[in-house]
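Step one of this worksheet: look at the structure below.
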Amino acid sequence: MTETIQTKYPLMPLRDIVVFPGMVAPLVVGRKKSIGALEDAMEKRSLIFLVSQKDDTITDPGREHLYTVGTLATVMQLLRLPDGTIKALVEGKRRARITQLRDGDDFFSAVVEELPDTGTDGPEIEAYGRELHRLFEEFAQANKKIPKEVLAAVAGIEDVSRLADTVASHLVLKTDLKQEILETVSLPDRIALLLEAIYRELELSEFEKTIQAKVKKKMAETQRNYYLSEKIKAIQEEMGQGEGGDDIAELEEALAKKNLPGVVREKATKELKKLKQMPPMSAETTVVRNYIDAIISLPWSKKSESRIDIELAEQVLDEDHYGLKKTKERILEYLAVQVQVEKIKGPVLCLVGPPGVGKTSVCKSIARAMGRKFIRLSLGGVRDEAEIRGHRRTYIGAMPGKIIHSMQRAGVVNPVFCLDEVDKMSMDFRGDPSAALLEVLDPEQNFAFNDHYLDLDYDLSEVFFITTANNLHSIPPPLQDRMEIIRLSGYTEEEKVKIAEGFLIPKQLEANGFEPDDIQFSEQALLEIVRRYTREAGVRNLERTVASICRKVARDRLKKKERNRKYRVSRQSIGRYLGVARFRYGLAEEQDAIGLSTGMAWTEVGGELLQVESTLMPGSGKLTVTGKLGDVMQESAHAAMSYVRSRAMRLGLDPDFYQKLDIHIHVPEGAIPKDGPSAGITIVTSIVSALLKVPVNRSLAMTGEITLRGRVLPVGGLTEKLLAARRGNITRVLIPLENERDLQEVPRRIRNSLSIDLVNHVDEVLEKALLIRDGEELFRDVSMESIYNDITVSSHNTPAH
């Protein structure tokens, strides 16, 4: 026959399809050369060689873009479509390989050689055929896309080669795999490739069924939950309880928007799920809703844009506060270190000083200098640990602790947090709040602060904690150990005047509706207010006094209807506005007195001058101590008396002087509690002055603890005590020798305004404090034997009590 003899055929490249022998395939042809090849084959009634392209994207292929093995096919039908393309129906006949390819002007042509099957004999071919029948039937049942007619037609094919090509044509495989099957001439190898492909398709089909089942189940659950949710809403609306649904939706939306850590989100989601299942009128519903609200309102990741500019910080501190040079230096040094290590973790600052010196306002200035939010929490009167850590949710009305509540108000995770009055906390049977603060203020622990109410770890490590206190005595040592102590001393008179001029007066003029030049205060007037109308370490009373003057001027203006009148407050006019002076400025006594010595004491409001009076009365050796003194101060009085008795002979006293006298020691202002050991040398001086009838220098003040051997021990609060001496117009002070190192912390102008004597023994104190007449000596030279006899006689003559 002609068809079998002819070896040169028109060639048509195929894209994304492989035609197998025995396969009838419809083709839509649009390329010019492909249409030419079809028309030539149709016209000459010859076969056409169909070969697949290696790359489907190439529109004008060359030889290198075509596979070498294809299929000889007959063109059964051609139909020209209106858009110029041709729809052809072709049937594959035999495999063939290209030997020569010619690229003509109208179409490709190729000389091909046919590729007959090999390995068609043998018993395994029949077995292959049976297995291929079985697997294809199983694949058709699983796939559901293969028509029953195709399955019946395949079942009727007995020729194994034809069967293999027919099955391959009905499988949805990749082009390169189909091409590999087409190029496989060995029938057993071709069937093996087909079986492997069908096995793989069956496995994928099983996977798809499993995935579909899971998706279907999930969708069914979602639809069920949605249906039940809508049903619950409808029931609640019918019962008039539908308002709660909106709240839950709002909570769910807010929770979805909030950036939460994984553990926190898991906990909140669990609680929200529980809330959805609760009746709206249940008491537990409110508890769960409040808990979710607490989680949402807390900042978990939001930060302030923090910056630490040392120059700006220094400028801000100077703008907001006058003086406090040492304090500012310490704060700037601390901030400089934080810049250098690029972190905020570190010791917590603790500002210690008298009331009114600006501790809280310094905290605000630090926050302003760093560009951070400021939050303040007053700990005064806190005595329950739960106020710090919160209450567990099992309690009715449970809430988060003050720390978490303050963080909610701050709204960021890195505020400047001022813990005010940390020394005013107390403890009772409900726990110790200072112990709860140990975790808050420890940089090694506070990254996982656990509030009892939240029961979740909250990170406080980026918070800049600053505490304030009036004294350190009531702060537990473990808490002190976690803080960097910065002391703020009281202000001098000059500093108070400058603060009034630069800060207090402008502030009060504005607050009371005055223009800046409506009231002028002279420097002498301010000094008079500081000296005679206020007595404090800070400036709070000074500000109140200035405010009082402003109010009186405002009233006077309105009364006289002189709204534009300017006022000048001078030293002479102070009495008209403020009345009689509240305090006496100058010496405690106007003349040197016997039995009256002046000491220097430290209190929570700063330094104070302390008078100690001693008087002698006939009696039997009784020692009376009055003035609301604490135990330590009473013990100092007894130690002073014991020292005087041991030095009786050197002081020229009878060895048994104390047996015939009662001694009464009194510290005036008896309503004010007093305690501490620093009045020891003051009490000794007062007793010796009374016994020897020698007056004490009225312009001298002293401080120091004594021992029974007469040593003078160091004391604290030296700066505040010297400030008090200067305020009291004292010119000379006696301080312990060991306090010499503390003088460096005292402002130079204070040191220069006082004559400071360092003493190591009580004998030195007495020599400097008592006014001995010229030519007289305070101490007599007495042998040790005489002193021993004196002590022995005294001990034998001591009356029984």
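The values are calculated or read from the model by the stated rules, or taken from the named source; none is laboratory data. Bear in mind that the values here come from a model prediction, so they are computed numbers and not experimental data. Glycine also receives a Cβ, built like all others from the backbone with ideal geometry; neighbour counts cover every protein chain displayed. The protein model used for the area step is the full one, side chains on, heavy atoms only, and it has no ligands, DNA or RNA in it. Shrake-Rupley method; radii C 1.70, N 1.55, O 1.52, S 1.80 Å.
At a glance:
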| read-out | value |
| --- | --- |
| Gyration tensor verdict on the stretch 635-685 (Cα atoms; rounded if a/c is under 1.5, prolate if a/b is larger than b/c, oblate otherwise) | prolate |
| Cα pair distances of the stretch 108-157 binned at 10 Å [whole percent] | 20, 33, 24, 21, 2 |
| Share, in percent, of DSSP beta bridges within the chain that are antiparallel, nearest 5 | 60 percent |
| Ala398-Asp318 FRET efficiency (beta carbon distance; Förster radius 35 Å; 0.05 resolution) | 0.15 |
| Around Ser522: net Lys/Arg minus Asp/Glu count, Cβ-Cβ under 11 Å | -1 |
| Rounded to whole Å, sorted largest first: equivalent-ellipsoid semi-axes of the stretch 333-442, Cα gyration tensor | 27, 17, 13 |
| 21 Å tail of the calculated P(r), the stretch 141-228, as % of Cα pairs | 47 percent |
| Using alpha carbons only: equivalent-ellipsoid semi-axes of the stretch 85-174, gyration tensor based, whole Å | 31, 20, 10 |
| Summed residue charge, Cβ within 13 Å of Glu314's Cβ, Lys/Arg positive, Asp/Glu negative | -3 |
| Stokes-Einstein D (µm²/s) once Rh is taken as the Kirkwood radius of the stretch 164-215 over alpha-carbon pairs, at 25 °C in 0.890 mPa s | 205 µm²/s |
| Length-normalised contact order of the chain in % [C-alpha pairs under 8 Å, at least 6 apart] | 7 percent |
| Calculated P(r) of the stretch 669-740 - Cα pairs past 20 Å, % | 35 percent |
| Interatomic Cα distance distribution for the stretch 1-77, bins of 5 angstrom, percent | 3, 15, 28, 28, 18, 7, 2, 0 |
| Scattering profile of the chain at q = 0.05, 0.06, 0.11 Å⁻¹ [log10 I(q)/I(0), Debye over alpha-carbon scatterers] | -0.58, -0.67, -1.18 |
| Selection of GluC sites (Glu not before Pro), the stretch 256-306, meeting DSSP coil and at most 11 other Cβ within 10 Å | Glu305 |
| Selection of GluC sites (Glu not before Pro), the stretch 115-196, meeting DSSP coil and at most 11 other Cβ within 10 Å | Glu158 |
| Taking N as its residue count, the alpha carbon Rg of the stretch 383-441 over 2.2 N^0.38 Å | 1.17 |
| Mean ellipticity per residue at 222 nm, deg cm²/dmol - from DSSP H runs of n ≥ 4 across the chain, formula -39500 (n - 2.57) | -13500 deg cm²/dmol |
| Of Lys507/Lys674; Lys628/Lys721; Lys302/Lys325, those spanning more than 28 Å from alpha-carbon to alpha-carbon | Lys507/Lys674; Lys302/Lys325 |
| Apportionment of accessible area to carbon and sulfur, the chain, percent (1.4 Å) | 50 percent |
| Cut-off 13 Å between beta-carbons: net charge of the residues surrounding Val215, Lys and Arg +1, Asp and Glu -1 | +3 |
| Convex hull (Cα only) mean projected area of the stretch 358-414, reported in nm² to one decimal | 4.9 nm² |
| Per-bin percent of Cα-Cα distances, the stretch 271-395 [5 Å] | 2, 8, 14, 15, 13, 11, 10, 9, 6, 6, 4, 2, 0 |
| Radius of gyration, Dmax [the stretch 444-503; alpha carbons; angstrom] | 18.3, 53 |
| C-alpha long axis of helix 283-297 to longest principal axis of the chain, angle in ° | 90 degrees |
| Relative contact order (percent, whole number), the stretch 599-679, Cα cutoff 8 Å, 6+ residue spacing | 49 percent |
| Antiparallel DSSP beta bridges within the stretch 589-685, percent to nearest 5 | 75 percent |
| Cα-based equivalent ellipsoid of the stretch 160-316: semi-axis lengths in Å, sorted from largest, via gyration tensor | 60, 31, 11 |
| Unmatched cysteines, the chain - criterion: no other Cβ of a Cys under 4.7 angstrom | Cys350, Cys550 |
| Cα pair count fraction exceeding 25 Å, expressed as % - the stretch 604-749 | 28 percent |
